[in-house]
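Colleague: Handing you this structure, nothing more for now.
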Amino acid sequence: LHGTEPTGCAVLTWQAKPVSMLCFGKNGKTDVWLFVIDRPALPDAPENTEPLFEPVNTTMTASWTNGGRIYVLAGLADEAALKQCF
């Protein structure tokens, strides 16, 4: 998450599974959110280790798996802006 600083975090529940949420931004403003969930919680999810970029409504997302976890990075930005976080 190049060029960002942590702005907050939380543990959420999604479909009865715990999800960690880390918030990052600049100048105290949150720009992107990183969600982390254990891989077994989503058995049908793709197993890509490189980020897969997909828009979801007005949010751009990047998702990948690593070390038994699924990661989703989301932000109110375009794909090029989100790629700068890597």
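The values are calculated or read from the model by the stated rules, or taken from the named source; none is laboratory data. Computed from a predicted model, the values in this text were never measured in an experiment. Positions of Cβ are backbone-derived with ideal geometry, glycine not excepted, and every protein chain shown enters the neighbour counts. Quick note on the areas: whole protein, heavy atoms, side chains included, nothing else; ligands and nucleic acids left out. Shrake-Rupley method; radii C 1.70, N 1.55, O 1.52, S 1.80 Å.
Colleague: Filter the stretch 58-86 down to the residues that are open to solvent by 80 Å² or more (accessible area, probe 1.4 Å) and farther than 19 Å from Q15 by Cβ and list them by number. I'd like the intermediate steps shown before the answer.
Modeller: Going through the stretch 58-86, the residues open to solvent by 80 Å² or more (accessible area, probe 1.4 Å) turn out to be 58, 66, 69, 76, 78, 83-84, 86.
If the condition is that a residue be open to solvent by 80 Å² or more (accessible area, probe 1.4 Å) and farther than 19 Å from Q15 by Cβ, then T58, N66, L76, D78, K83, Q84, F86 are the ones that fit.
Colleague: Looking only at the stretch 35-55, how many residues end up being within 15 Å of A81 (Cα to Cα) and assigned to a strand (DSSP E or B)?
Modeller: Our first condition is that a residue be within 15 Å of A81 (Cα to Cα); within the stretch 35-55, this holds for 51-55.
Now drop any that are not assigned to a strand (DSSP E or B), which leaves 52-55.
Looking only at that region, the number is 4.
Colleague: Something else now. From the residues in the stretch 23-46 that are within 9 Å of T7 (Cβ to Cβ) and of a type in the set (A, V, I, L, M, F, W, C), which one is least open to solvent (accessible area, probe 1.4 Å)?
Modeller: C23
Colleague: Go through (1) at pLDDT below 95; (2) out of contact with any Lys or Arg (no Cβ under 9 Å at 6 or more places or on another chain) and name the single condition Y71 misses.
Modeller: Here Y71 meets the rest and fails (1).
Colleague: Does any residue of the stretch 4-15 turn out to be assigned to a helix (DSSP H, G or I), open to solvent by less than 40 Å² (accessible area, probe 1.4 Å) and out of contact with any helix residue (DSSP H, G or I) (no Cβ under 8 Å at 6 or more places or on another chain)?
Modeller: Let us first name the residues in the stretch 4-15 that are assigned to a helix (DSSP H, G or I), namely none.
The answer is no; no qualifying residue exists.
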